[in-house]
Amino acid sequence: MKAVAESAVREVVGRTPIAAALAEGRGKIENDTQKLLQEILDSYGGGITVTQVQLQEGRPPAPVIDAFRDVQRARADQERKRKRGRGLSQQHPAGGARRRRSPGAGGRGL
């Protein structure tokens, strides 16, 4: 039973994005694991009913947390640059390109 439960948890956590797994995804992981575990046990015909899955407090190793934080910082920087770029493009609708004057209206062109 223990091996089946651990396998189900690993499968569900493995297909869950790390941000969700470390943040708000705990309840979803528990629910998905319960469903998967019940399906596996039903296929064995053991007559066991899983009424609840409750994950224990788990903390990833420090290097994983550091890498996660690096990714979060990079995403925040990317979003900040994207917003700045949008702001600049709105200030210069022609993409910053200078417009040419037509020579026929007294303009000398560029």
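Computed from the coordinates by the stated procedures, all read-outs in this text should not be read as laboratory data. Note that the structure is a prediction, hence the values are computed from the model and not measured. In this analysis, Cβ positions are derived from the backbone assuming ideal geometry, glycine residues included, and neighbour counts consider all displayed protein chains.
Here are some notes:
- Loop-located GluC sites (Glu not before Pro) across the stretch 7-52 with a Cβ neighbour count of 11 or fewer within 10 Å are E24, with loop assigned by DSSP.
- Of all lysines in the structure, the ones whose alpha carbon falls short of 16 Å from that of K35, not counting any fewer than 8 places away in one chain, are K2.
- For the stretch 1-57, the fraction of C-alpha pairs farther apart than 16 angstrom is 38 percent.
- Loop-located trypsin sites (Lys or Arg not before Pro) in the stretch 12-86 whose Cβ has at most 13 other Cβ within 10 Å (DSSP): R15
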